[in-house]
Structures are given as structure tokens and as C-alpha cells.
Amino acid sequence: MRNLAIISIAASVIAGQAQALDLIDCKRTTHPSHGGEIRHTDLGEERVMWIDWWSQEGTAKSISMVECASGETLRFRMAEENMGRRAMFDRTDDVIDILERHQSGARVFATFERIAADLDNIARDIEIATLTQETCACAAAYPELRGEKTEFQLAG
């Protein structure tokens with residue numbers, strides 16, 4: 001009986017390992033052929049980010065950053081063209097400079113509010129919100145921080 005319990009536990013551990021996500025698994029198309037998520041990155045200290053892209057009649061690139069434990073999220077648009085009546089813009093280089101500056105300093109100072117303030121007049125559609133669902137990147141990099149959030153499930 002004891003051997004059966006050990007085998008059962010070992011099988012569930014092996015099955016759990018097979019289902020573990022990696023950040024590379026998070027690269028996906030979220031809207032058939034014209035939208036998705038790429039470049040999922042673990043920024044350390046329980047924070048992740050990725051690029052959201054869109055390409056149908058117009059194009060857009062946005063960044064999402066998430067504090068995995070709290071679900072707090074900073075999203076903003078860094079480039080777009082032909083997306084309605086707004087003028088085309090591409091501030092990717094400026095955005096990367098700002099993010100690198102914040103990433104190189106102490107995390108206590110790299111709050112989403114401070115990053116958003118630095119992005120003002122550079123990025124568009126800057127939004128800070130709190131998610132109640134776990135993101136793919138958090139599930140891959142920090143699954144132990146899910147807490148009460150709905151567990152992320154990779155559609156297959």
C-alpha cells in the first residue's frame with residue numbers, strides 16, 4: 001500500500017512537471033492571424049512584461065508589465081499606424097530607454113506610477129489596473145504567487 005502511495009505521488013509530481021509553463025510557451029496568437037503576445041520576460045523581483053501586437057488594417061505595439069503577486073498591471077501603447085483617426089507614431093526607442101532606466105535602479109523607486117509619469121507624452125493609452133486572473137508570464141515565472149487570482153490555462 002505504501003509503495004502504491006509513493007508511485008501515485010511520483011506520478012503526480014512528474015505530471016505537474018510536464019505541465020509547467022516556460023516563458024517561451026507564452027508567445028501566442030490571441031486573435032487569429034492578427035494579434036498576439038511576444039517577448040515575455042521575467043524582470044526579476046516578481047515582475048514580468050511582454051509585447052502585445054496587432055496587425056489588421058493597422059498595426060500597434062503595446063507593453064504590459066505585471067506585478068505577479070498583486071496582479072497590478074501597467075499597459076501602454078508604444079507604436080501604432082492606421083489605427084483609426086489618430087496620427088501614426090513610433091516611440092519604441094524612447095520607451096525602451098525609460099524602461100531600462102527604471103529596471104537598472106532599485107525596484108522600490110520603479111513603481112508603475114513613476115514609470116507611467118515618465119511615459120506621459122511619449123506613450124499612449126497608459127493604464128494601471130489590477131488583474132484578477134493570472135497571466136501566462138506570471139504562471140511561467142512565478143506560479144507560487146497566484147494567490148486568489150484565477151489560474152492561467154494555456155489553450156491548446
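The values are calculated or read from the model by the stated rules, or taken from the named source; none is laboratory data. Note that this is a predicted model, so its numbers are computed, not measured. Cβ placement follows ideal geometry from the backbone for every residue including glycine, while neighbour counts extend to all protein chains displayed.
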Residue check: is residue 86 touching a residue at least 24 places away in the same chain (Cβ under 8 Å), more than 16 Å from the chain's Cα centre (by Cα) and surrounded by 11 or more Cβ atoms within 10 Å (Cβ to Cβ)?
-> yes
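Please report, ordered by residue number, the helices (runs of 4 or more DSSP H) entirely within the range 49-156 with at least 1 residues that are at pLDDT 95 or above, among the β-branched types (Val, Ile, Thr) and more than 22 Å from residue 34 (Cα to Cα). It would help to see each step written out before you state the result.
Values: elements: 92-104, 112-119, 136-141.
Helices (runs of 4 or more DSSP H) meeting the threshold: 92-104, 112-119.
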Pairs where the first residue, in the range 113-141, is under 25 Å from residue 80 (Cα atoms) and the second is of a type in the set (S, T, N, Q) and surrounded by 17 or more Cβ atoms within 10 Å (Cβ to Cβ), C-beta under 6 Å, 6+ apart = 129/73; 131/73
Filter result for residue 130 (out of contact with any Gly (no Cβ under 9 Å at 6 or more places or on another chain) and either of a type outside the set (Asp, Glu) or surrounded by fewer than 16 Cβ atoms within 10 Å (Cβ to Cβ) (or both)) | no
